Amino acid sequence: MKRGKSDERAQSRGDTARFLGLTGPGGWVVAALFLVTQFTLAFTANLGLALTAPNLIALAILVVITVIVMFPGPYPLSHQWSAVIVIGVGAIVALVNSILPITGWPGYSSWQFGAITMVLLALGLRGRNLWAWAGMILATALTLCWTVSTGQGVLAGINLIDRNAGTLFIGTVFSVGIRRSIRWITSLNVAEQRQAADEAFARATLQHRKSAMEALDAIAVPALTTIAGDRMPSAKDREDFLVIEASLRDAVRAPSLAREPLASTVRLARLRGAEVVLLDDDESQLATDDERDSLLATASARLGSTTARHVTIRLFAATNARVALTMVEDASAPLLLQPER
């Protein structure tokens with residue numbers, strides 16, 4: 001049986017079995033205790049009946065369907081496995097009924113009714129209440145057929161299984177109610193997580209804006225102060241202004257490239273008179289920090305050693321999983337740079 005895609009998806013659909021730990025380690029402990037109890041009832045009530053082939057086969061079937069209903073898997077349980085469980089329930093009832101005495105109260109020799117009820121309750125908790133009731137209807141029909149055919153009458157059959165049907169009814173009401181509660185709790189958790197994510201995003205956005213403003217102040221305020229002052233800007237000042245303007249453009253159109261160590265190398269190249277253009281495709285956001293750092297270091301070293309007057313550096317997505325960088329120096333053939341794997 002295939003596992004569910006995720007715990008979150010299962011809980012959002014009201015997975016009562018997983019919520020109650022039915023398919024977890026604790027569930028296997030409960031299943032083991034359940035089987036031990038049923039084997040004890042079967043063998044202590046009447047050893048002669050317990051050792052008959054129908055009873056032993058019924059116990060073996062009980063083990064199989066218990067494992068199926070407790071085995072971790074998708075929610076709700078698949079129709080195929082649900083059908084197997086219902087067929088198994090019918091087989092258990094038919095087998096054990098065939099060896100029960102037709103006079104007097106059978107006592108714990110009729111262990112099959114309590115056993116199949118617990119299995120059907122678990123099936124309902126796996127999201128298959130209709131299948132669980134199909135199993136109970138099948139068990140009831142087989143029991144009534146047996147009591148009528150053996151001359152015990154319909155009432156005898158009803159007396160054998162009516163309490164088990166009532167137990168399944170209560171279990172069905174419980175499973176429906178708790179499923180709704182799980183969905184409600186899950187929706188609250190999702191809403192809280194979404195609110196926390198929105199708040200974290202808002203804080204990160206404010207911090208980013210604050211950092212961007214501080215960086216802008218550090219770059220632009222000194223230049224603006226010089227421009228607004230009484231002193232006429234010198235030729236050196238004008239060169240610095242051009243470098244600052246280019247740096248601001250880099251921060252807008254190539255944010256992944258406008259950082260160290262490449263940013264300092266670009267500034268030095270511009271101060272010596274080179275025209276450096278930085279471009280960053282949107283797809284480059286797929287790159288990891290390690291890939292970008294490798295590319296920036298390589299590009300910085302290459303730019304620092306070139307004497308070209310016109311350099312264009314472009315970061316782009318080379319494949320769905322990797323990025324690359326091209327450098328064009330004085331309209332020469334593009335140089336392709338890729339991070340090492």
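Kindly write out, for region 92-97 in residue order, the coupling ³J(HN,Hα) from the Karplus curve 6.51 cos²θ - 1.76 cosθ + 1.60 (θ = phi - 60°), rounded to whole Hz, with x marking Gly and Pro.
Here the 3J(HN,Hα) series is 4, 4, 5, 5, 6, 4 Hz.
Taking the chain as the reference, fit the longest principal axis to its C-alpha atoms, fit the long axis of helix 53-70 to the helix C-alpha atoms, and give the angle between the two in degrees, 0 to 90, nearest 10.
Result, in degrees: 20.
Each label point is 7 Å from the Cα along the Cα-to-Cβ direction; what then is the distance between the points at Ser305 and Thr52, in nm?
Rounded to a tenth, the inter-label distance reads 9.3 nm.
Out of residues 5 or more away from Gly73 or on other chains, whose amide H comes under 5 Å of its own, with H placed 1.01 Å from N in the peptide plane?
Under 5 Å from the amide H of Gly73: Gly4.
Taking the Cα centre of each part, how many Å lie between region 151-198 and region 230-268?
68 Å
Grab the eigenvalues of the alpha-carbon gyration tensor for region 224-269, scale each by 5, take roots, and send me the semi-axes largest first in whole angstrom.
Semi-axes (√(5λ), whole Å): 25, 11, 7.
Only bridges with both residues in the chain count here: give the DSSP antiparallel percent, nearest 5.
If we restrict to bridges inside the chain, about 60 percent are antiparallel.
Would you please put 48-57, 131-140 in order of how densely packed they are, using the mean number of other Cβ atoms within 10 angstrom per residue and starting with the highest?
The most tightly packed comes first, giving 131-140, 48-57.
Please list, in order along region 248-255, the HN-Hα scalar couplings obtained from phi with the Karplus expression 6.51 cos²θ - 1.76 cosθ + 1.60 (θ = phi - 60°), rounded to whole Hz, x for Gly and Pro.
Here the 3J(HN,Hα) series is 5, 5, 4, 5, 8, 9, 8, x Hz.
Taking every Cα atom in the chain, find the radius of gyration and the maximum pairwise distance Dmax, and write them in Å.
Looking at the chain, its Cα Rg and Dmax stand at 37.7, 119 Å.
So if I place +1 on the C-beta of Lys and Arg and -1 on the C-beta of Asp and Glu, and nothing else carries charge, what would the dipole magnitude of region 131-271 be about its Cα centre? I want it in debye, nearest 20.
It works out to roughly 280 debye.
Over the chain, give the accessible area per residue in Å² for a 1.4 Å probe, as an integer.
56 Å²
Taking the chain as the reference, fit the longest principal axis to its C-alpha atoms, fit the long axis of helix 154-228 to the helix C-alpha atoms, and give the angle between the two in degrees, 0 to 90, nearest 10.
The angle comes out near 10 degrees.
Percent relative contact order of the chain, based on C-alpha pairs within less than 8 angstrom and at least six residues apart?
Answer for the chain is 12 percent.
Using alpha carbons only, how many angstrom separate the centre of region 70-95 from the centre of region 99-130?
14 Å
Return the long-range amide H neighbours of His310 (sequence gap of 5 or more, or a different chain), with a cut-off of under 5 Å between placed amide H atoms.
The answer is Glu275, Asp330.
Just to confirm the number: angle between the C-alpha axis of helix 25-45 and the first principal axis of the chain, 0 to 90 degrees, nearest 10?
Once rounded, the angle reads 10 degrees.
Give me a comma-separated list of calculated 3J(HN,Hα) values for region 126-140, in order, Karplus coefficients 6.51, -1.76, 1.60 applied at θ = phi - 60°, integers in Hz, x for any Gly or Pro.
7, x, 10, 5, 5, 5, 4, 6, 4, x, 5, 5, 5, 4, 5
Any idea which of Ala301, Gln207, Val243 is furthest toward the positive side of the dipole for the chain, if Lys and Arg beta-carbons carry +1 and Asp and Glu beta-carbons -1?
Gln207
Lys/Arg Cβ at +1, Asp/Glu Cβ at -1, dipole of region 73-229 taken about the Cα centre: which of Pro76, Ala196, Val173 is farthest positive-ward?
Farthest along the dipole direction, towards plus: Val173.
Helix-only estimate, please: 222 nm mean residue ellipticity of the chain, summing -39500 (n - 2.57) across DSSP H runs of length 4 or more and dividing by its residues, to the nearest 500.
Value at 222 nm, helices only: -23000 deg cm²/dmol.
The values are calculated or read from the model by the stated rules, or taken from the named source; none is laboratory data. Please read these numbers as outputs of a predicted model, since none were measured by experiment. Here the Cβ is made from the backbone with ideal geometry for all residues, glycine too, and neighbour counts use every protein chain on show. In case anyone asks, the SASA skips ligands and DNA or RNA and just uses the protein heavy atoms, side chains included. Shrake-Rupley method; radii C 1.70, N 1.55, O 1.52, S 1.80 Å.
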